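Input: a single structure, listed below in structure tokens.
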Amino acid sequence: MSWIEIKATFDHAPEDWSPFIEAFRDFGCENTIQSDFPPSLGAAMVDVEGAAEQIEELKARLLELGAKDVESAPLIEQNWDEIWRQHFHPRRIGNRFVVRPTWEEFEAKPDDLILVLDPGQAFGTGDHPTTRMCLELMEGLDHAGKRVADVGCGSGILSIAAQMLGAAEVAGVDIEPVAIEVAKENAERHGMDLHFVAGSSIRDLGEGPWDIVLSNIISATLIAMGPSIVRETAPGAAWIVSGIIEENWPDVVRAAERLNCTLVRDKHEDGWVAAEFRCP
């Protein structure tokens, strides 16, 4: 598998890095590397069909946000892996989840749920607050026998976690074809046969109703897809949302209330918000 590195450079370090990090996230790059001397933010994208067009769109977004320059270049996979071996180590999330890379072992406790993932392939390794908060919120839900829809599944980490928590059926959808490839590989690594499809809506997953919906995506997309999610969920279904920057949180709450969804709990970390709503 070959990679392309994308690096944004700046005249001065931004006061708030989150819009630039979110821009990378929008194009499937969760795992960014930040440098202060000189100020820069970089990530890698898998070199598949359509990647060049996506990179040009990402460059335009970063420049619009205020980057001085954005460059891209082929990256040898071994080099990218070596970079992330220095940054990505086993991480405990919540009470039971532990995310570890494939190259490191971890001495698990009896009740631990071990998620084995490699960084950089698609959004979702547990290294970003939005993913961590989703997993923490999921621990508080009863998944036993439930149908779970993962909308914007990325690496498949939340789908795999839902299966570990006892879900009867799990399906994930993502707009990025590479994410579907990676999600399937990650599920197979955990001995799971989960259903992942390329698409942009919960309706692409087939017939509802769903008992739990997981949506770790940007707030504008959450708001836009809200009506379809409510239509496809069972009464009282749990809807876990994340990927929301703090300043957009009030808009998400208002949109959910218009759909008669009830806020159950919310979590805030490093300028990001995740929450659990109950559907009507």
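The values are calculated or read from the model by the stated rules, or taken from the named source; none is laboratory data. Fair warning: this is a prediction, and the values are worked out from it, not measured in the lab. Note that we place each Cβ from the backbone using ideal geometry, even for glycine, and neighbour counts take in every protein chain shown.
Considering only the stretch 29-78, state which residues are surrounded by fewer than 17 Cβ atoms within 10 Å (Cβ to Cβ), in contact (Cβ under 8 Å) with a residue 60 or more places away in the chain and under 21 Å from residue 129 (Cβ atoms). Scanning the stretch 29-78 gives no hits. For residue 243, the test of being surrounded by fewer than 16 Cβ atoms within 10 Å (Cβ to Cβ) and in a strand (DSSP E or B) is failed.
Out of 188, 181, report the one residue that is under 16 Å from the mean Cα position of the chain (by Cα), over 17 Å from residue 240 (Cβ atoms) and charged (D, E, K, R). Result: 181 is the single residue among 188, 181 that is under 16 Å from the mean Cα position of the chain (by Cα), over 17 Å from residue 240 (Cβ atoms) and charged (D, E, K, R).
Out of 223, 157, 229, I need the residue that is surrounded by fewer than 24 Cβ atoms within 10 Å (Cβ to Cβ), of a type in the set (A, V, I, L, M, F, W, C) and in contact with a helix residue (DSSP H, G or I) (Cβ under 7 Å, 6 or more places away or on another chain). Which one?
Numbers: 157 fails: surrounded by fewer than 24 Cβ atoms within 10 Å (Cβ to Cβ); 229 fails: surrounded by fewer than 24 Cβ atoms within 10 Å (Cβ to Cβ).
Every option except 223 fails the conditions.
Condition check for residue 179 on (1) surrounded by 17 or more Cβ atoms within 10 Å (Cβ to Cβ); (2) at pLDDT 95 or above: one failure, at (2). Taking each residue of the stretch 249-265 that is closer than 16 Å to residue 219 by Cα and among the aromatic types (Phe, Trp, Tyr) and looking for partners that are modelled with pLDDT under 95 and in a helix (DSSP H, G or I) with beta-carbon atoms closer than 8 Å, six or more apart or interchain, yields 249/219.
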